[in-house]
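All remarks here apply to the structure that follows.
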Amino acid sequence: RRVLFRSTPQLIAFLTTCVIEVSVVSFLARRAQISLRRAVPSMLLVNSISHPFAWYFFEKLSLDTIFEGLAFIEMMVTLFEGVLYRLTLPVKISMAMAWSLIANLASFGFGLLYVSADVLLSMFQKGS
């Protein structure tokens, strides 16, 4: 039996990514006068396709290659999602790539803040 999400952290990461990236691209789509009825399903489809692959490769990273690996995974996801936005929305490839870059920077940035806060909280809890 195939399972889309193998763990709760993966599901949380997927849902968080969707909320952030759908919000960002919805804002951009409205500015480009693209219907949200068309844009939101496209964004959910794009993330549903790219997230499992990103998570699979993320789990393969070692501590020695975590920074280079994350950068490479995010770059590939951004390019892949940009192409999918172009195929599913009436935008030029340059706009699709820009939207993908902005959305992925937002979700990746949130992820970094979340991990940093988690590390800091655990450090303070150990010290008290």
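Between LEU112 and THR16, the modelled labels are 1.5 nm apart [label points 7 Å from Cα along Cα→Cβ]. In plain terms, the chain from THR8 to PHE124 could stretch by 39.2 nm, reckoned as 0.36 nm per residue minus the Cα-Cα distance. If the elastic network links every pair of Cα atoms under 10 Å, which of SER23, SER35, SER116 fluctuates the most in the Gaussian network model of the chain? Maximum fluctuation in the GNM of the chain, among the listed residues, is at SER116. Largest GNM mean-square fluctuation among GLU59, GLU74, GLU21, using the chain with Cα springs under 10 Å: GLU59.
The charge dipole of the chain, taken about its Cα centre with unit charges on the Cβ of Lys, Arg, Asp and Glu (plus for the first two, minus for the last two), comes to roughly 580 debye.
Here the scattering of the chain is modelled by Debye summation over its C-alpha atoms, one equal scatterer each and no solvent; at q = 0.17, 0.18, 0.21, 0.23 Å⁻¹ the log10 of I(q)/I(0) is -0.91, -0.99, -1.24, -1.40. Of all stretches in the chain that contain no trypsin sites (Lys or Arg not before Pro) in a DSSP loop with at most 16 other Cβ atoms within 10 Å, the longest one is 7-59.
Legend: helices of the chain (whole DSSP H runs) are marked when their alpha-carbon atoms reach 30 angstrom or more along the helix axis and their mean Kyte-Doolittle hydropathy is at least 0.5; marked are 8-31, 66-88, 93-127. Each of TRP99, ASN47, ALA32 was placed along the dipole of the chain (beta-carbon charges, centred on the mean Cα), and the one lying farthest toward the positive end is ALA32. Solvent exposure of the chain, expressed per residue, is 69 Å² of accessible area, with all protein chains present and a 1.4 angstrom probe.
On the accessible surface of the chain, probed at 1.4 Å, how many percent belong to carbon and sulfur atoms? Summing carbon and sulfur atoms, their accessible area is 70 percent of the total for the chain.
The values are calculated or read from the model by the stated rules, or taken from the named source; none is laboratory data. Everything quoted here is computed from the prediction, not taken from an experiment. Glycine also receives a Cβ, built like all others from the backbone with ideal geometry; neighbour counts cover every protein chain displayed. When the accessible area is computed, the model is the full protein with side chains, heavy atoms only, and any ligands, DNA or RNA have been set aside. Shrake-Rupley method; radii C 1.70, N 1.55, O 1.52, S 1.80 Å.
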